[in-house]
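Visitor: Here it is, the structure, as structure tokens.
The values are calculated or read from the model by the stated rules, or taken from the named source; none is laboratory data. All of these numbers come straight from a predicted model, not from anything done at the bench. Every residue, glycine as well, gets a Cβ built from its backbone with ideal geometry; the counts of neighbours run over all protein chains shown. The area values use the complete protein model at the heavy-atom level, side chains included, leaving out ligands, DNA and RNA. Shrake-Rupley method; radii C 1.70, N 1.55, O 1.52, S 1.80 Å.
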Amino acid sequence: PRLRRRRPLAVGRAAVAWGPSATLIMGMASSGKSYWLSHQIKRQRGRVILWDTANEHVDGSKQGHDAGIQWDYQGSVAGFLAETMASPQTIRRARVWGNRREFRVLCQFVHDTGNCFFAVDEAHIVVPHQSQTEHPFRDLWVTHRHGGLAIAVCTWQAYGLPTYCRASPRLIMFRTDAQQDLAWVKREASAGSDLAAKLPNLKQGQFLQLNR
């Protein structure tokens with residue numbers, strides 16, 4: 001694995017090159033991961049779909065994670081699909097939420113249509129933990145390059161995600177003291193790396209990036 005260390009950064013000022021990719025973003029609550037993700041969304045020029053599990057990302061007219069983002073659609077999966085079918089060119093940025101069944105429907109839509117930036121916040125709540133579980137999210141994660149997808153999953157509990165997510169080519173790691181996650185990072189990092197020891201001491205908005 002190749003470790004890229006970042007110096008302390010102001011929240012929202014660090015960008016990564018996306019393109020077709022699969023990225024796992026991890027960190028404890030209030031570490032800055034969701035706020036950072038929102039700024040990555042702001043930089044996207046193509047279609048963006050955000051699954052907002054906890055309904056945390058507010059409209060751009062308010063003060064919150066996404067102040068400054070203008071969503072073309074915010075609401076249920078059913079409403080999003082209906083508006084997309086009626087006017088496919090008008091929805092460039094969509095923020096949707098719902099239950100696990102609706103998440104499954106959205107993942108199938110993303111898998112079938114491709115060519116977008118698809119982000120899942122609080123992914124451990126909706127992504128099945130078992131890697132063998134048949135689910136359209138697993139399919140789109142595995143085949144993202146063929147579909148022209150950039151996928152980002154954001155979680156405070158990386159060890160609660162299936163192994164195929166934890167095998168992500170790119171890890172963005174914010175502050176965490178979760179022992180299972182730290183033990184996992186220690187195994188994943190190169191021999192002699194003190195990466196896991198650094199994570200509990202990061203300041204809000206700081207992160208370390210591990211490319212594999």
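Visitor: Search the stretch 98-121 for residues being over 20 Å from Leu149 (Cβ atoms) and open to solvent by 60 Å² or more (accessible area, probe 1.4 Å), and hand back the single one that is farthest from the chain's Cα centre (by Cα).
Guide: Filtering first and then ranking leaves Arg101.
Visitor: Turning to a different aspect of this structure: Leu140 versus (1) part of a loop (DSSP other than H, G, I, E, B); (2) under 24 Å from Lys33 (Cβ atoms): which is the lone unmet condition?
Guide: (1)
Visitor: Of the residues in the stretch 108-122, how many are within 14 Å of Pro20 (Cβ to Cβ) and in contact (Cβ under 8 Å) with a residue 60 or more places away in the chain?
Guide: So the answer is 5.
Visitor: Still on this structure: Would you confirm whether or not the stretch 163-174 contains a residue that is open to solvent by less than 20 Å² (accessible area, probe 1.4 Å), farther than 28 Å from Gln89 by Cα and over 14 Å from the mean Cα position of the chain (by Cα)?
Guide: no
Visitor: Still on this structure: Show me the helices (runs of 4 or more DSSP H) found entirely inside the stretch 71-130 where at least 2 residues are polar (S, T, N, Q). Please lay out each step first, then the result.
Guide: Numbers: elements: 77-86, 100-113, 123-126.
Those helices (runs of 4 or more DSSP H) span 100-113.
Visitor: May I pose another question? If you take the residues of the stretch 164-201 that are hydrophobic (A, V, I, L, M, F, W, C) and in a loop (DSSP other than H, G, I, E, B), which of them is nearest to Arg138 (Cα to Cα)? Don't jump to the end; show me each part of the working.
Guide: At the first step, the residues of the stretch 164-201 found to be hydrophobic (A, V, I, L, M, F, W, C) are 165, 167, 171-174, 178, 182-185, 189, 191, 195-197, 199.
Keeping just the survivors that are in a loop (DSSP other than H, G, I, E, B) gives 167, 174, 178, 189, 191.
Values: Ala167: 12, Phe174: 24, Ala178: 25, Ala189: 24, Ala191: 30 Å.
It comes out as Ala167.
Visitor: Of the residues Leu199, Leu210, Leu195, which single one is open to solvent by less than 10 Å² (accessible area, probe 1.4 Å) and either among the β-branched types (Val, Ile, Thr) or over 20 Å from Ala152 (Cβ atoms) (or both)?
Guide: The match here is Leu195.
Visitor: Evaluate the following for Leu24: is it at pLDDT 85 or above, part of a strand (DSSP E or B) and either out of contact with any Asp or Glu (no Cβ under 6 Å at 6 or more places or on another chain) or under 17 Å from Ala158 (Cβ atoms) (or both)?
Guide: When the stated conditions are applied, Leu24 passes them.
One line per residue, one yes/no per condition, for (1) in contact with a Gly (Cβ under 6 Å, 6 or more places away or on another chain); (2) of a type in the set (Lys, Arg); (3) closer than 21 Å to Gly98 by Cα:
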residue	(1), (2), (3)
Cys116	no, no, yes
Thr133	no, no, yes
Phe137	no, no, yes
Cys154	no, no, yes
Cys165	no, no, no
Leu182	no, no, no
Lys198	no, yes, no
Leu202	no, no, no
Arg212	no, yes, no
